[in-house]
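Asks: Pasting a structure below so you can have a look.
Rule-based calculations on the coordinates, nothing more; no lab input. As the structure is a computational prediction, the values presented were derived from the model and not from experiment. Glycine also receives a Cβ, built like all others from the backbone with ideal geometry; neighbour counts cover every protein chain displayed.
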Amino acid sequence: MTSDHNLALYTKLSGFRLVVLANRFGRDSEFSRELHDRLLEGLEAAIGRVRIIMALERSVLIAEYRLEGEAEIFGRFTINLMDELDIDFDTHEFRINGGDWSSALTADYTGVDIDYPKLIALTDVELGSLAPIIKDITRETGIAVSASRVSYIRCPAS
């Protein structure tokens with residue numbers, strides 16, 4: 001059943017409940033009132049079930065949406081062993097390891113210069129016995145492992 005179908009079913013059942021309620025008031029026999037009451041109980045039980053189904057559908061949609069988001073986040077997940085560098089090219093700022101933002105702009109009489117620090121990957125020698133383990137983690141799980149340090153050494157202009 002789809003959510004549209006359940007909403008239509010809920011509406012129909014609620015409408016029938018109102019019809020049965022209105023019809024009950026015109027009955028004078030105990031037997032007829034009891035039949036109406038039982039039909040009302042059945043309709044109310046059915047309405048309750050449809051409400052539960054609709055609530056579960058909403059929960060599933062929320063869970064599916066959250067699952068998509070978590071999967072997307074996991075797809076970008078990186079394990080940082082050393083430094084992390086964030087660069088905002090619009091404001092010409094950078095930050096290292098989630099710290100305060102710093103400006104990459106400098107200016108003097110010769111003009112304005114923009115100089116961002118760079119990330120330099122550790123070598124396999126520096127990583128030692130972790131190097132093959134890191135490669136295996138990335139190869140077998142898809143999780144990136146970053147082992148880089150920030151360097152302020154300016155690269156020569158090209």
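Asks: Hey, got a sec? Which chymotrypsin sites (Phe, Trp or Tyr not before Pro) in region 1-80 land in a DSSP loop and have at most 12 other Cβ atoms within 10 Å?
Replies: Those that pass, being in a loop and sparsely packed, are Phe25, Phe77.
Asks: Still on this structure: Extent of the chain along each principal axis, from alpha carbon coordinates, in Å, largest to smallest?
Replies: For the chain, the Cα spread along each principal axis is 100, 48, 25 Å.
Asks: Where Lys and Arg each count +1 and Asp and Glu each count -1, what net charge lies around Ser148 among other residues with Cβ under 11 Å from its Cβ?
Replies: Net charge in that neighbourhood comes out at -1.
Asks: Using the Karplus curve 6.51 cos²θ - 1.76 cosθ + 1.60 with θ = phi - 60°, work out ³J(HN,Hα) for each residue of region 109-123 in order, rounded to whole Hz, and write x for Gly and Pro.
Replies: With coefficients 6.51, -1.76 and 1.60, one gets 5, 8, x, 9, 10, 10, 9, 8, x, 10, 9, 10, 5, 5, 7 Hz.
Asks: Region 1-23 to region 105-158: how many Å between their Cα centroids?
Replies: 63
Asks: Amide H to amide H, which residues 5 or more places from Ser146 or on other chains are under 5 Å from it, using H placed in the peptide plane?
Replies: Here Ile79, Asn80, Leu81 satisfy the definition.
Asks: Summing +1 for each Lys or Arg and -1 for each Asp or Glu, what net charge is found among the other residues whose Cβ lies under 14 Å from the Cβ of Phe74?
Replies: That sum, taken over residues with Cβ under 14 Å, equals -1.
Asks: Per-residue HN-Hα couplings for region 89-102, Karplus 6.51 cos²θ - 1.76 cosθ + 1.60 at θ = phi - 60°, whole Hz, x for Gly and Pro?
Replies: Karplus-based 3J(HN,Hα) across region 89-102 equals 6, 6, 9, 6, 10, 9, 9, 10, 6, x, x, 6, 6, 10 Hz.
Asks: What ranking do Thr138, Thr110 get, fewest neighbouring Cβ atoms within 10 angstrom at the top?
Replies: Ranked by crowding around the Cβ, least crowded first: Thr110, Thr138.
Asks: Follow-up question, since we're still on this one. Can you list the residues, at least 5 places off or on another chain, whose amide H is less than 5 Å from the amide H of Glu84, using H built in the peptide plane?
Replies: Asn97
Asks: Near Leu13, within a Cβ-to-Cβ distance under 13 Å, what is the net charge of the other residues, with Lys and Arg +1 and Asp and Glu -1?
Replies: Around Leu13, the surrounding residues sum to +2.
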